[in-house]
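Below is one structure; the comments refer to it alone.
The values are calculated or read from the model by the stated rules, or taken from the named source; none is laboratory data. Bear in mind that the values here come from a model prediction, so they are computed numbers and not experimental data. Counting neighbours? That spans all protein chains shown, and the Cβs are built from the backbone with ideal geometry, glycine included. Side chains included, ligands, DNA and RNA excluded: accessible areas come from the protein's heavy atoms. Shrake-Rupley method; radii C 1.70, N 1.55, O 1.52, S 1.80 Å.
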Amino acid sequence: MQYNDMVSYIADIPKFTKKHSLEHTREFIRRLGNPCHDRKIIHVAGTNGKGSVCAFMQAILLCEGKTVGFFTSPHLVRLNERIQMNGRQISDEMLLSCFERVKEVVDQMVNEGMEHPSYFEFLYGMGMLAFEEREVEYVILETGLGGRLDATNSFPHPVMTILTSIGLDHMGILGNTVAEIAGEKAGIIKKGVPVVFDGSSEEANQVIQKRTEVQGAPCRKIGKDAFKILEITDKQVAFSVLSEYDKNTFWTVRGTGVYQAMNATLALYAAEEVLGKPINEEKWKSAIANVCWPGRMEEVLPGVILDGAHNLPAIERFVESLGWQKKEGKRIVLFSAVEDKDYEQMIALLCKESDADAYFVTKLADARGAGKEVMERIFKAYTDKPVHVSESLEEMFSEALHEKGPNGRLYCLGSLYLVGELKELIGGLYA
């Protein structure tokens, strides 16, 4: 089988069907030989910030000389992005090898009358096989959706659980309140396994802390008083962290997302627990500063920033980040979203708080993309600034880039699918 055949096969697996039970996933993994059963697993769930926290954790572990596997989702351009080892995406050859081994097991399961693993479950199996083959010491698992019923929660004994910010998203699946969603996310907390969590939401805090008490899991809440934003430039965020020894340490993260200070702080305290030693300012500072997590306030061209903000809490963090930045030149927003998101509230907040000079709207290539005419109507209901619309992403990007001018900034957000499509487009135009 060739690489493109593999990609086509995986793409044809239904992506948005009901999850299988954890018993089904455990049987699937058992048939693969229980890969990574003896590795140190760091399990991460949350509404926003999961990928960034995982990337910061990976960087810290690597700078300490550890070998690390990292399973993440979604990918922006290529499947390989989902399976990383020691900071590098899996090779095409190894990905194909893992696919063939998984498919052989899956074919046997189907022949025996069992259901085919879902898209996410299939890739999870491939990732665990890859990590086993490379004999990594640590495996960082980012949940796909929710937590309690997520395929990654089939692993029985992680060494650390991290919960990032929790807010309203995927309500049709996870619940209609922050407390209900927090309950699903907190479902990854295991008996006696230490927990580090974002304590920004009191509603979520109550649920998480109750779960840790039931499970006898030591927990550390990271509140907004655990760090202080010092400065946000057009290239980085500078912040201080107050350690338990009452020592202020100073850190920087790439990009302009104010939310990355919390994400980095979560990773610092989790790494301190996992490695069993205090935060190493000298070594970890460089590791944290050099992390670039794609599509999170990422500057891909001069003055062109891609941000994966795709729900209301993420848009709130986005406009908070803009509030720290001095506006020089025009501020342009390119927006698109998927149909199942509450994009009207997202658009309303952007129009009210972003101080943009113009908005450019397009439809995603993905079948779930929201209609451009509907989004145009919503934008025009909330702003009197110019709203430009086109079916063509290339046309909208080109016009928005021109409108930005030499000194302005163009922010592209609303969906990770948009980020992926723009990365492909920009790679083709500017390669």
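Normalising the Debye intensity of segment 147-244 to I(0), with uniform scatterers on Cα atoms only, and taking log10 at q = 0.17 Å⁻¹ returns -0.81. Summarised in one figure, the compactness ratio Rg/Rh of segment 1-147, Cα atoms and Kirkwood Rh, is 0.94.
For segment 286-431, what percent of Cα pairs sit more than 21 Å apart? When every Cα pair of segment 286-431 is considered, 37 percent fall beyond 21 Å.
Shape of segment 98-170 from the C-alpha gyration tensor: oblate (a/c of 1.5 or more and a/b not above b/c, with a ≥ b ≥ c the square roots of its eigenvalues). Give the calculated FRET efficiency between Leu301 and Lys66 to the nearest 0.05, with a Förster radius of 35 Å applied to their Cβ-Cβ distance. E between Leu301 and Lys66, to the nearest 0.05, is 0.55. This model, with +1 at the C-beta of Lys and Arg and -1 at the C-beta of Asp and Glu, gives segment 90-228 a dipole about its Cα centre of some 860 debye.
Distance between the modelled labels on Ala365 and Asn4, one decimal in nanometres: 1.4 nm (7 Å Cα→Cβ projection).
Over segment 6-65, give the accessible area per residue in Å² for a 1.4 Å probe, as an integer. Write out the running numbers ahead of the final one.
Values: 2450 Å² over 60 residues.
Per-residue value: 41 Å².
Of the cross-linked pairs Lys327/Lys385; Lys40/Lys283; Lys224/Lys330; Lys190/Lys277, those separated by over 28 Å at the C-alpha level are Lys224/Lys330.
Label-to-label distance for Lys235 and Ser390 is 3.2 nm, based on points extended 7 Å past Cα in the beta-carbon direction. For segment 327-344, backbone nitrogen atoms closer than 16 Å to the point 7 Å from Glu353 Cα along Cα-to-C-beta are found at 342-344.
The residues of segment 374-431 have, on average, 50 Å² of accessible surface per residue, using a 1.4 Å probe with all protein chains present. The ellipsoid equivalent to the alpha-carbon distribution of segment 197-245 has semi-axes of 29, 13, 8 angstrom, derived from the gyration tensor eigenvalues as √(5λ) and listed largest first. Amide hydrogen proximity for Leu230: with H placed 1.01 Å from N in the peptide plane, the residues at 5 or more positions away or on another chain lying under 5 Å are Ala238, Phe239, Ser240. Summarise the accessible area of the chain (1.4 Å probe, protein heavy atoms) by the percent that is carbon and sulfur. After summing per-atom areas, the C and S share lands at 48 percent.
Adding -39500 (n - 2.57) for every DSSP H run of four residues or longer, then dividing by how many residues the chain holds, sets the calculated 222 nm ellipticity at -13000 deg cm²/dmol. By the rule of a C-alpha distance below 12 Å, with chain neighbours fewer than 8 residues away ignored, the aspartates and glutamates paired with Lys50 are Glu142, Asp198. Taking the DSSP beta bridges with both ends in the chain, the antiparallel portion is around 40 percent. Size estimate for segment 322-377 follows the Kirkwood approach: the inverse of mean 1/r over distinct Cα pairs works out to 12.3 Å. Within segment 115-257, antiparallel bridges make up roughly 65 percent of the DSSP beta bridges whose residues both belong there. Remark: spin-label model distance Glu180-Arg88 equals 4.6 nm, labels positioned 7 Å along the Cα→Cβ axis.
FRET efficiency for the Asp340 to Lys210 pair, using the beta carbon distance and R₀ = 35 Å, is estimated at 0.75. How much FRET efficiency would the formula 1/(1 + (r/R0)^6) give for Tyr382 and Glu112, where r is the Cβ-Cβ distance and R0 is 56 Å, rounded to 0.05? In this case the efficiency is close to 0.55.
Across the chain, Cα pairs under 8 Å and at least six residues apart give a relative contact order of 15 percent.
Computed over protein heavy atoms with a 1.4 Å probe, the accessible surface of segment 133-230 works out to 43 Å² per residue.
Taking a point 7 Å out from the Cα of Leu425 in the direction of its Cβ, the residues of segment 351-385 whose backbone N falls within less than 11 Å of it are 360-365. Where in segment 360-391 does the amide nitrogen come within less than 20 Å of the point 7 Å from the Cα of His75, taken along Cα to Cβ? Residues 365-368 fall inside that zone. Scattering from segment 204-330 was approximated by placing one identical point on each alpha carbon and applying the Debye formula without solvent; log10 I(q)/I(0) at 0.14, 0.17 1/Å stands at -0.71, -0.98. Partners of Lys341 within straight-line reach, counting aspartates and glutamates whose Cα lies under 13 Å from its Cα and excluding those fewer than 8 residues away in the same chain: Asp169.
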